[in-house]
1. Within region 309-324, which residues are modelled with pLDDT of 95 or more, hydrophobic (A, V, I, L, M, F, W, C) and not in a loop (DSSP other than H, G, I, E, B)?
2. Among the listed residues VAL216, VAL227, VAL212, which satisfies the condition of being within 16 Å of the ligand (Cβ to nearest atom), open to solvent by 20 Å² or more (accessible area, probe 1.4 Å), touching a residue at least 24 places away in the same chain (Cβ under 8 Å) and under 30 Å from ARG162 (Cα atoms)?
3. Among ALA197, ALA187, ALA203, ALA232, which is hydrophobic (A, V, I, L, M, F, W, C), buried (at least 23 other Cβ atoms within 10 Å of the Cβ) and more than 27 Å from ASN367 (Cβ to Cβ)?
4. When you scan region 261-272, how many residues do you find that are open to solvent by less than 90 Å² (accessible area, probe 1.4 Å) and either touching a helix residue (DSSP H, G or I) at 6+ places or on another chain (Cβ under 6 Å) or at pLDDT 85 or above (or both)?
5. Strands (runs of 3 or more DSSP E) wholly in region 83-180 with at least 3 residues that are within 16 Å of the chain's Cα centre (by Cα) and of a type outside the set (Ser, Thr, Tyr) - which ones?
6. Just one of (1) crowded, with 18+ Cβ neighbours inside 10 Å; (2) more than 17 Å from GLY339 (Cα to Cα); (3) β-branched (Val, Ile, Thr) trips up VAL136, so point out which.
7. Do you know which of the residues in region 42-82 that are part of a strand (DSSP E or B) and more than 23 Å from GLU117 (Cα to Cα) is modelled with the highest pLDDT?
8. If you check GLY123, GLY147, GLY151, which single one turns out to be closer than 26 Å to ALA77 by Cα and open to solvent by 30 Å² or more (accessible area, probe 1.4 Å)?
Amino acid sequence: VVMTEAAQRFVTPLAAGALVGERVFTDLFDQAQEFDVGHIRLARECDLIIVAPATADLMAKAAHGLANDLASAVLLATDKRVLIAPAMNVRMWQHPATRRNVATLKHDGITIVEPDEGAMACGEFGPGRLPEPAAVMQAIEQALAAGPLAGQPDFEAEPAHRPLFGKHVLVTAGPTHEPIDPVRHIANRSSGKQGFAIAAAAARAGARVTLVSGPVALPTPPGVDRVDVETAREMAEAVRRALPADCAVMVAAVADWRTEDYAPEKMKKRGSAPPALRLTENPDILATVAVSDKRPRLVVGFAAETEKVVEHAQAKLKKKGCDWMVANEVGTDHNPAFGTDHNQVTLITRTNIESWPTSTKAEVAKNLVNRIVSYFEEGQKTHDTDHSNTNTKQAATGS
Ligand code: C5P
């Protein structure tokens, strides 16, 4: 345990030491401590470092490489994985300076365990609360499972459990909200669960993952770089910026239309006739990515259909120019999909149709990521483009 000055105002080193049954380190300039252990050894002789609770101040220091106390010096000297679990007032968390620091820390490979939302000690409400211990534990377990970082002695570039190491996977998820006026918007029932599960599974497989998400109420999976957007046009721009990628999995339920005339003031009820909304088409993000000069090698679309699922999805695969389409029936008693934890999907490639049994969205994500892994492994062996037919369970009938 390393405690900062501020931490010692809340908890004494004696109490922390008694709880963990270990020595507590507090002072960069304590000769006895430095002689015994030294901040470099502290930084190196651990499996990972977790900063919890992390203040805005400590994150600012870590983002800028300051090292004027023991905690920040250890963070600067380490070559191990670092997890940061922030806890601060909502305004401090949302301040542009903290946003910049979070982005810098993520860019440096540090995992942020996203804070919870709720009532704060100061009486305000919002994101910034220390994540629940179970969430911190889960992040620790995942970080440990991910193994050592580049530069560490036992680092293996491509261990079997990180088959997507070195690959960038771009995932879109959730709905988009298309504003009508400042208080109303067009939305859909997408919860984002399937897309978030895919992002999590890709990160667990070792990929660098960018998750572009519409408005959802879901925590960011560990190790995933998340970009929040609201409208289809914002999503299109965030996707453009995230490219190049090796694989794009477009799970978002992007609104096909937005209102042509956004009303800058709240629309009023006038007379008896309700106002007519004139709609205009949104950009098709998937189709744009599929023809872009930065086209990922594997482009996967999702097709939520209420009828003739496979037929419609096959037509979409061609029209949008993607490699695979994951089709699912939505809004039916058989497979409500939206908002639930289960899904029944059919994987359609250019040559095959494969129906998967109903399972959890996490299972669907794992299976899809396994298929993505095989795709890249096959491609590496043969340099061919579509090998999706090498491990199919059910061949297309062509009918
Ligand atoms: O045409 P439809 O909305 O059914 O197509 C679904 C697929 O296309 C999904 O992969 C979705 O993320 C993507 N899409 C998109 N941009 C749109 C509409 C759909 O990327 N404007």
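1. Matches in region 309-324: ALA313, ALA315, LEU317, TRP324.
2. When all the criteria are applied, what remains is VAL216.
3. After applying the criteria, what remains is ALA232.
4. 3
5. So the answer is 168-173.
6. VAL136 satisfies all of (1) crowded, with 18+ Cβ neighbours inside 10 Å; (2) more than 17 Å from GLY339 (Cα to Cα); (3) β-branched (Val, Ile, Thr) except (1).
7. ILE49
8. On inspection, the qualifying residue turns out to be GLY151.
The values are calculated or read from the model by the stated rules, or taken from the named source; none is laboratory data. Just so you know, these numbers come straight off a predicted model, no measurement behind them. No Cβ is skipped: glycine too gets one built from the backbone with ideal geometry, and neighbour counts run over all protein chains shown. Calculation scope for accessible area: heavy atoms of the full protein, side chains included, ligands and nucleic acids excluded. Shrake-Rupley method; radii C 1.70, N 1.55, O 1.52, S 1.80 Å.
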